[in-house]
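Input: a single structure, listed below in structure tokens.
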């Protein structure tokens, strides 16, 4: 199943590009370091967003691209919650124009960085869409397969493929051949 927002992370896996439907490895880095960057794509909407592009090479996870507009970089203990529209506009104007890149957070690694901080699961859809429906915020697409990559310290430790109720080629709608 995939639910893709406007700024979904992408993954290059075995030479193919996919949208990640579960897992945001960069959040683990921010939590580990205590850095709490605030991103926005305002004025389109006021959600905090960024997009990372990841690549698995020899079972190692690398961040190869990062984009998003940084409003402000703070440490977790210095979080600023802006509820007043005027305060938001002023804060935004002061720090507007700072497009994030790999170099923003990894100045020694401007081209790619090994995600040694990430332990968790990345999930992505594979194959044709076999069902599509809307929920309140997204279009939900069920694909033929879902791939689950489990990482420990940035290294793939297991891979699982879930097959989603596909109808075999040459059969009718009820699966009869």
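The residue of segment 34-59 that is modelled with the highest pLDDT, among those that are under 14 Å from the mean Cα position of the chain (by Cα) and part of a loop (DSSP other than H, G, I, E, B), is 50. Of the residues 136, 95, the single one that is exposed (fewer than 12 other Cβ atoms within 10 Å of the Cβ) and modelled with pLDDT under 80 is 136.
Residues that are touching a residue at least 40 places away in the same chain (Cβ under 8 Å) and under 17 Å from the mean Cα position of the chain (by Cα) within segment 142-155 comprise 146, 147, 149, 151, 154, listed in sequence order. Being farther than 16 Å from residue 99 by Cβ, in a strand (DSSP E or B) and at pLDDT 80 or above is a condition met by at least one residue of segment 1-10. Name the single residue, out of those in segment 11-28 being modelled with pLDDT under 90 and assigned to a loop (DSSP other than H, G, I, E, B), that is nearest to the chain's Cα centre (by Cα). Per the criteria, the residue is 24. Give just the number: which of (1) assigned to a helix (DSSP H, G or I); (2) modelled with pLDDT of 70 or more; (3) surrounded by 14 or more Cβ atoms within 10 Å (Cβ to Cβ) does residue 31 not satisfy? Going through the list (1) assigned to a helix (DSSP H, G or I); (2) modelled with pLDDT of 70 or more; (3) surrounded by 14 or more Cβ atoms within 10 Å (Cβ to Cβ), residue 31 breaks only (3).
Taking (1) over 24 Å from residue 70 (Cβ atoms); (2) in a loop (DSSP other than H, G, I, E, B) in turn, residue 128 satisfies each apart from (2).
The values are calculated or read from the model by the stated rules, or taken from the named source; none is laboratory data. Computed from a prediction, not measured in an experiment: that's the story for all the values here. Here the Cβ is made from the backbone with ideal geometry for all residues, glycine too, and neighbour counts use every protein chain on show.
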